[in-house]
Each structure stands twice: as C-alpha cells, then as structure tokens.
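Some notes on the structure that comes next.
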Amino acid sequence: TPSRLAFLTVLFINVSNRWTLLIADVQAAFLQGSLGKRVLPLYMRPPRDQISLDANVFEAALYEIKGNTYGLASAPLEWAREVETRLEQLGFKKQSLEPCLYMFYDSTGALQCLVLVHVDDFVISHSQVFDIESLKNKFQWGSMQTLAEEPTFCGRQLKGLDDGSILVHQRDY
C-alpha cells in the first residue's frame, strides 16, 4: 500500500512540472501475473449457477489453474513481482523508501515519469517527452482517466483546477 506521503509527492511533482496525470486500473490484474512457484497442481470446480448450466460453458467437472488468480494467498505477491518486472523492463527504478513508487529517468538523469501502484490501481505522472505508449503497452488496462474525468484513487477523488492545481477530496465517499 503506498503511503500518503508518496501519493502527495507524486501530485506535488506533477503540479510543479505541469505534467500529465493519469489514474489507471489494470484489467484482471492477477490473471496477468505469473504462475509463481507451486509445489502441487491446483484445481477448481466450475461455477454451477443456472446461467452457466444453461449455457453449457463448463463441460468438465474439474479444471486445473495454470496461472495466478484472485483468491490465492500468493496472488498479491506474484502480481507485485510482475508489476516490478514489467516496469524495470521499461527502465523504471523502484524508490528505495517507498516500494510502491517507481521512477523513470532519461539518459541525462532527469526525472520523466512517476508510477505509484496500489494493487491494480496506478497513478501515472509523466512529462510531455516521456513515451507513455511504452507504459500503456506493458499492461492490459481496464480504464485510464485524466484529471478532466475526476478519477478516484484509493478512495480519493481528484479534480484538475484551472490554475493547474489538483483538488483532492472524498465528496462521494
């Protein structure tokens, strides 16, 4: 879980540099994660609700789970490792005091992007020169919103104001 200080620091850097801020949600995050190390195979019974029965979508009585899935005790850790691996492949560095914060520096050493991660929710703050498409292509996204859409991150709603500042509130909470 990212700290409040990390969240506010990302917003501060964003506003100070007039960067673009995105709030993104990874679609079916745990299913995008790696298998991890399993000693024994894992099986599940298919759902037996009336819709599934009528549709006849599950023909077998038992299925082997081949990947990561929600509900496994190891799923959050496997997903966190997957996020770290993918971001490091792009050149991001994990912040040593805040393990949920990743930073991207260009070849001159200038900070160009910050990614704050809370399970499958990301806050992405980036400069205009950062290749945001490379990051977008690393994950399968469920949604990606700008400040104009007043997104929510960890129960906090964000609204971009005309003067370039960001209002953080919990009006809908």
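Worth pointing out:
- The share of C-alpha pairs in the stretch 46-85 whose separation exceeds 12 Å stands at 67 percent.
- Debye intensity ratio I(q)/I(0), log10, the stretch 60-145, q values 0.17, 0.20, 0.26 Å⁻¹ (C-alpha model): -0.76, -0.98, -1.49
- Residues of the stretch 136-173 with amide N under 20 Å of a point placed 7 Å along Cα→Cβ from ARG4: 152-159, 166-173
- Relative to the longest principal axis of the Cα atoms of the chain, the long axis of helix 4-17 makes an angle of roughly 50 degrees.
- From the alpha carbon centroid of the stretch 117-173 to that of the stretch 53-79 is 30 Å.
- The chain: relative contact order as a whole-number percent, Cα under 8 Å and 6+ apart: 30 percent
- Protection-proxy order for peptides 81-87, 53-59, each taking the mean of Cβ atoms within 10 Å per residue, highest first: 81-87, 53-59
- Extension gain for HIS118-ARG86 works out to 10.0 nm (0.36 nm per residue, less the C-alpha to C-alpha distance).
- Helix 75-89 axis, angle to the chain major axis (alpha carbon atoms, nearest 10°): 50 degrees
- Helix-only mean residue ellipticity at 222 nm for the chain, each DSSP H run of n ≥ 4 adding -39500 (n - 2.57), per residue, nearest 500: -7000 deg cm²/dmol
- Shape class of the stretch 1-130 from the Cα gyration tensor (axes a ≥ b ≥ c, square roots of the eigenvalues): prolate, since a/c reaches 1.5 or more and a/b is larger than b/c.
- The packing ranking of peptides 99-106, 60-67, 117-124, highest mean first, is 117-124, 99-106, 60-67, where packing means the average number of other beta carbon atoms within 10 angstrom of each residue.
- Angstrom value of the Kirkwood radius, inverse mean 1/r, which spans all Cα pairs in the stretch 117-173: 12.9 Å
Read the figures in this text as sums done on the coordinates, not as results from a lab. Just so you know, these numbers come straight off a predicted model, no measurement behind them. In this analysis, Cβ positions are derived from the backbone assuming ideal geometry, glycine residues included, and neighbour counts consider all displayed protein chains.
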